[in-house]
Amino acid sequence: MPNHVHLLVSEPQKGTPSTVLQMLKQRVSRTIRKTKHPMLKAQLPLLFPKFIADLPQFWQPRFYDFNVYSHEKKREKLEYMHANPVTRGLVKHPKDWPWSSFSFYAKGEAGLVEVDLVE
């Protein structure tokens, strides 16, 4: 999504989900601030100031978590995540969103983002 991400993650072996997300946010933010190369063709343009280093922050301070406690709830969350770009009018079908795991789960096809199977 242009303004947020959805992640379906399991409990980390070490630390907490909050720590894992903190590390992820820090690494992504630092990498983006250092990047000087042009965007990939498949990448949506994000409206950043000319100097990304001048951004006060890249991520929102918090995240919303939801405990997935059953196979049905996991499927529900994946379907919500896959439908999100369609609902927002960004694509006509979930398979058309390049960063989606839809094709991975529907057809076993790899996409732009590496996915670990969630059963």
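A few remarks follow.
- Taken together, the residues in the range 87-97 that are outside any helix (DSSP H, G or I) and of a type in the set (Lys, Arg) amount to 2.
- Residue selected from the range 49-86 under the condition more than 19 Å from Leu8 (Cα to Cα), outside any loop (DSSP other than H, G, I, E, B) and open to solvent by 60 Å² or more (accessible area, probe 1.4 Å), by the criterion modelled with the lowest pLDDT: Ala53
- The numbered conditions (1) modelled with pLDDT of 85 or more; (2) in a helix (DSSP H, G or I); (3) out of contact with any helix residue (DSSP H, G or I) (no Cβ under 7 Å at 6 or more places or on another chain) are all true for Thr31 except (1).
The values are calculated or read from the model by the stated rules, or taken from the named source; none is laboratory data. Small disclaimer: the values here were computed from a predicted structure and weren't measured. Cβ atoms come from the backbone with ideal geometry, glycine included; neighbour counts cover every protein chain shown. What goes into the accessible areas is simple: the full protein's heavy atoms, side chains included, and nothing from ligands, DNA or RNA. Shrake-Rupley method; radii C 1.70, N 1.55, O 1.52, S 1.80 Å.
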